[in-house]
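Step one of this worksheet: look at the structure below.
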Amino acid sequence: MKIAFITSDYPRLDGGAYRYAVFLVRELAKLGHKVTVFTSELYDTHFEQRETKNLKVVEVKISKRLPYPALQFWLLLPKAIRKAEKANLFDILHFNGYSYWFLKKKISSAPHIVTVHHLVRDAIKNTNQNIMYRLLNVSTETNIVYPFLERRVISLNSQKIICVSDFTKKRITETYNIPFDDIETIYNGIEVDGYIRTKQELEEIKNVLQVPGTPVILYVGRVDDTRKGLDLLLVAFKKLAESIDATLLIVGPGNNTRAKKTAQSLGILKNTVFAGSVDEITLKKCYALCDLYVFPSRLEGFGLPLLEASAAGKPIIATNVGAIPELVKMGINATLIHPDDVSALSDSMLKFFQHRESHEHLKARAIESLEKFSWKTTAEKTSRLYEQLIERNVE
């Protein structure tokens, strides 16, 4: 099968939708499909994947001197795909997110499919962003244009929608009145190797990141995205620090200026380590290093870090929102709290450190919970969906 997979910033690993692209196309290629990735820009990363057997990457060249790189990509994408199809027509076009939206005419005669990770409308609602903020921050997913773009992609341009959780599937049907039969839930996966590390390796990564010897609470996610709830965690950590000497290790991309100012104003900057974006090996070591993983998100269409923390066998405190309850269960392999509840978060962290020995049984349960999540399974289910669409297209 010849697949055109459209995504931005490939191959990139510091975000759920980016990771989805990297691991899905790799597994599709392993299944024997010929995959061509169309991307806006080859992203510089330590992850060693460019072109391998059955996998080709086409960078749609955009001008660094012109504004709105995403718009440039959308405008130039049809030409790039038509050029590639001069040699061989594609059997399927798979869009990772809202990569194409504005033309009524489809790019190719092949069936179009789109993966929706979460709804932009939900992100706007759950972060309480006003119109002025959305007008000024045009590069964020909550900008003033994206809700209209989202509606067009979901309602007009795709013959099938993949959702990464039942939560997102339900929200699409409620918001856009799309029939359940037109939407398929296919979970993301996890690679379980590499999360268990030696004491020497953990000491080395502590030195590299300058993490002190106190207990470590880990946060993984964008540092400048209100949806991820880092602001909530910083305030809760301030309260925890009054009782426990601990370190908050923050890993993830984005501008950390605001988060650092918040930490400084709370008097916890000396107890906080901002690691920024890290490579895949370092990320796994961070999970292995931490004593507790906290996921304070206000909305999640999936939540890959929850699987990663589970692969490391770590206790988890997370918010009870979006797809999170599909991945972890209260009292079984996680503690779930209401979003934006600073007291509940700080109390849950304190309770963990006061009674951490009672959480030892969670390690085995966390690892067992990963049995249904694998990128191979994700690719196999996606491949079967492609075949159904192609058969329907021929009819």
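The values are calculated or read from the model by the stated rules, or taken from the named source; none is laboratory data. Since we're looking at a predicted model, the values are computed, not measured. Cβ sites come from the backbone with ideal geometry, for glycine too, and all protein chains shown count toward neighbours.
In the set (1) at pLDDT below 95; (2) surrounded by fewer than 17 Cβ atoms within 10 Å (Cβ to Cβ), T45 fails one condition alone, (2). The C-beta contact set for the stretch 240-260 (first residue touching a residue at least 12 places away in the same chain (Cβ under 8 Å), second residue assigned to a loop (DSSP other than H, G, I, E, B) and among the small types (G, A, S), distance under 6 angstrom, 6+ apart or interchain) comprises G252/G221; P253/S277. Restrict the check to the stretch 118-125 and report whether at least one residue is at pLDDT 90 or above and closer than 27 Å to I92 by Cα. Checked the stretch 118-125: at least one residue is at pLDDT 90 or above and closer than 27 Å to I92 by Cα. The set of residues in the stretch 21-42 being under 19 Å from the mean Cα position of the chain (by Cα) and without any contact (Cβ under 8 Å) to a residue 40 or more places away in the chain consists of V22, V25, V37, T39, S40, E41, L42. Being closer than 17 Å to A309 by Cα and touching a Gly at 6+ places or on another chain (Cβ under 7 Å), is that true of even one residue in the stretch 235-251? Among the residues of the stretch 235-251, not one is closer than 17 Å to A309 by Cα and touching a Gly at 6+ places or on another chain (Cβ under 7 Å), which makes the answer no. The set of residues from the stretch 62-75 being in a loop (DSSP other than H, G, I, E, B) and either polar (S, T, N, Q) or surrounded by 12 or more Cβ atoms within 10 Å (Cβ to Cβ) (or both) comprises I62, S63, Y68.
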